[in-house]
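Okay, so here's the structure we're looking at.
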Amino acid sequence: MFLDITIGYWIFMKSLFYFCAVVIMISSTDDFFIDLVYWLYVLPKRKFSKKFPHNTLLKDFNTKPEKQIAVMVPAWKEEAVIEKMARLTIEKIQYKNYQLFIGTYPNDKETQEKVDIVCKNHKQVHKVVNKKSGPTTKADCLNNIMEAVFADENKHKMKFEVIAYSDAEDIIFPIQLKLMNALCPTYGLVQLPVFSLKRKLWQITGSHYMDEFAESHLKDLPVREFLTGNVPSAGVGTAFSREAIEKLHYKNNGFVFNPTSLAEDYEIGFTLHDMGFKETICLMPTPKEYRSKNTVLDCPYIAVQEYFPSNFIRAVKQKSRWISGIVFQGTKHIGWPDEFWKTYILLRDRKSIITNPIMILAYFVALHIIAMEVHSGLGDGMYWFPNLVPLDSWLWIILIFNGFYLSNRILQRFIAVYRIYGLPHALISPIRIIWSNIVNFFAFIHAFRLIRGSDAKDENPIWDKTAHEFPDV
């Protein structure tokens, strides 16, 4: 009986081993392709090609005539950060023709009070109160802000030529509006890179965001633009041309953003691309005169920065919203396009539904294989497990490829983190890859429960936001 159980256990573990190895190889081949495209095509084109539009549009961007820009900031339960964010923006922003519209809720008096303090002293800041009590969705709040923007235009007989948005915890780079001013309306959607503010080395939950956003916004988004022309909004640091906003407003019967979506920013990039608008991720090195050593503004690129959650539960909740909106709702709302490269990119976006649980399963299998090998090597009196990976097997070849892909993944992550945060964080980034997979697994479970619960009740998901923090500047 014991022998039968042992044999069954060995066969079960072998099957899991083969399954995990194959899935990881397929996913890793996909990642390696993105790496190749970036280093062989995208980076040389962006750095050296005179035909790359940014090299012309951003020339002398500091001196270009200023368009009117409206900056929208949705705020639900943001009393801890919204006043600091608004004051810092007003103090540091190097742009004159802008207005700041902050969306609040009627049942969130604390946030309203903080916004009122800023509005009292700064005429370019406007408080918007949502029609519905919170929480709704971020998209619903943005739609209410858009109504206020249109109303302000009618009142003053003018039009905002660029519409941008950020979050209540964001640090808006002093010259980021100048970049948006230079790139719109050539582009219907302009996305600036988004980076996490630097965390302590031991803050592994908060610092794994540093690694993911560094690699995603330095490499993955530029490759995406190169292959498809599509760049999804990150929800912050995004600017839209006036024409893009007006066509979205017309297409959606009075709404600019999809109020039922948890990833309205992600969806709007696809919508605008389908409507024929150009989109871009703007990676502009920070001019030396704007670098402030040992401050939050000491960033190699003009970017939006913020603190992402350093608490495990908050990180899981935040990432579960992204997975819910991109994977589950995205499949429903966006579907599958006819274009090959667009379909490929959507497969990359949605593969987390498989890879997130598979990575945890792979850790489980690896630990059991180690235990089995130790068990087999303890002595002649112990039961001997047959070799799971004979040297002449096809699985051995797959594991060689996976070993190479893992080394490459560590190298790519190291380079990206080093470019933004320096050597200490780059050296620790391989360890954070494991923790990132653990956070993503629990976020996937929570996202599945969130979507299943809302579908069962036939309700739209709500803005299940996390608490934010703002740095001392």
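The values are calculated or read from the model by the stated rules, or taken from the named source; none is laboratory data. Every value quoted in this text rests on a predicted model; they were computed, and no experiment measured them. Here the Cβ positions follow ideal geometry from the backbone for every residue, glycine too, while neighbour counts run over all protein chains shown. Ligands, DNA and RNA are stripped out before the accessible areas are found, and what is left, the full protein with its side chains, is counted by its heavy atoms. Shrake-Rupley method; radii C 1.70, N 1.55, O 1.52, S 1.80 Å.
Numbers for the structure displayed
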| quantity | calculated |
| --- | --- |
| Any pair with Cβ under 8 angstrom, 6 or more apart, that starts in the stretch 307-320 at a residue that is more than 10 Å from A447 (Cβ to Cβ) and open to solvent by 60 Å² or more (accessible area, probe 1.4 Å) and ends at one that is polar (S, T, N, Q) and part of a loop (DSSP other than H, G, I, E, B) | R314/T466 |
| Selection within the stretch 17-39 - under 20 Å from L361 (Cα atoms), hydrophobic (A, V, I, L, M, F, W, C) and at pLDDT 85 or above | F19, C20, A21, V22, V23, I24, M25, I26 |
| Matching entry among R419, R449, R413 (being part of a helix (DSSP H, G or I) and surrounded by 16 or more Cβ atoms within 10 Å (Cβ to Cβ)) | R413 |
| Search result, residues across the stretch 312-338 that are at pLDDT 90 or above and farther than 22 Å from E264 by Cβ | F312, I313 |
| Residue within the stretch 39-50 that is surrounded by 14 or more Cβ atoms within 10 Å (Cβ to Cβ), β-branched (V, I, T) and touching a strand residue (DSSP E or B) at 6+ places or on another chain (Cβ under 8 Å) present | no |
| Single unsatisfied condition, V162 versus (1) modelled with pLDDT of 95 or more; (2) among the β-branched types (V, I, T); (3) within 20 Å of the chain's Cα centre (by Cα) | (3) |
| Residues of the stretch 133-162 satisfying the condition of being surrounded by fewer than 14 Cβ atoms within 10 Å (Cβ to Cβ) and not polar (S, T, N, Q) | A151, K155, H156, K157, M158 |
| Identity of the residue in the stretch 64-88, in a loop (DSSP other than H, G, I, E, B) and more than 21 Å from A234 (Cβ to Cβ), that ends up most open to solvent (accessible area, probe 1.4 Å) | P65 |
| Filter pass, A244 being open to solvent by less than 10 Å² (accessible area, probe 1.4 Å), closer than 26 Å to A70 by Cα, in a strand (DSSP E or B) and of a type in the set (A, V, I, L, M) | no |
| Restricting the stretch 334-352 to residues that are within 21 Å of F448 (Cα to Cα) and open to solvent by less than 70 Å² (accessible area, probe 1.4 Å), the residue that is nearest to the chain's Cα centre (by Cα) | D349 |
| Selection status of T355, open to solvent by 40 Å² or more (accessible area, probe 1.4 Å) and either outside any loop (DSSP other than H, G, I, E, B) or in contact (Cβ under 8 Å) with a residue 60 or more places away in the chain (or both) | no |
| Boolean, G269 is assigned to a loop (DSSP other than H, G, I, E, B) and not hydrophobic (A, V, I, L, M, F, W, C) | no |
| Candidates Y301, Y209, Y290, filtered to the one that is aromatic (F, W, Y), at pLDDT below 90 and out of contact with any Gly (no Cβ under 9 Å at 6 or more places or on another chain) | Y290 |
| Only listed residue being over 25 Å from K219 (Cβ atoms), touching a strand residue (DSSP E or B) at 6+ places or on another chain (Cβ under 9 Å) and at pLDDT 90 or above, chosen from S241, S233 | S241 |
| Tally of residues being modelled with pLDDT under 90, touching a Gly at 6+ places or on another chain (Cβ under 7 Å) and not hydrophobic (A, V, I, L, M, F, W, C) across the stretch 254-278 | 2 |
| Failed item in (1) at pLDDT below 95; (2) open to solvent by less than 20 Å² (accessible area, probe 1.4 Å), with K92 passing the rest | (2) |
| T29 being open to solvent by 20 Å² or more (accessible area, probe 1.4 Å), of a type in the set (S, T, Y) and either in contact with a His (Cβ under 7 Å, 6 or more places away or on another chain) or not in a loop (DSSP other than H, G, I, E, B) (or both) | yes |
| Conditions (1) at pLDDT 95 or above; (2) of a type outside the set (K, R); (3) surrounded by fewer than 22 Cβ atoms within 10 Å (Cβ to Cβ); number of the one not met by V128 | (3) |
| Tally of residues being of a type in the set (D, E, K, R) and in contact (Cβ under 8 Å) with a residue 24 or more places away in the chain across the stretch 92-130 | 7 |
| Condition met for Y301 (in contact with a Pro (Cβ under 8 Å, 6 or more places away or on another chain), touching a residue at least 24 places away in the same chain (Cβ under 8 Å) and surrounded by fewer than 17 Cβ atoms within 10 Å (Cβ to Cβ)) | no |
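Here's the yes/no breakdown for (1) farther than 15 Å from A426 by Cα; (2) part of a helix (DSSP H, G or I):
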| position | (1), (2) |
| --- | --- |
| W202 | no, no |
| L218 | no, yes |
| R224 | yes, yes |
| V236 | yes, no |
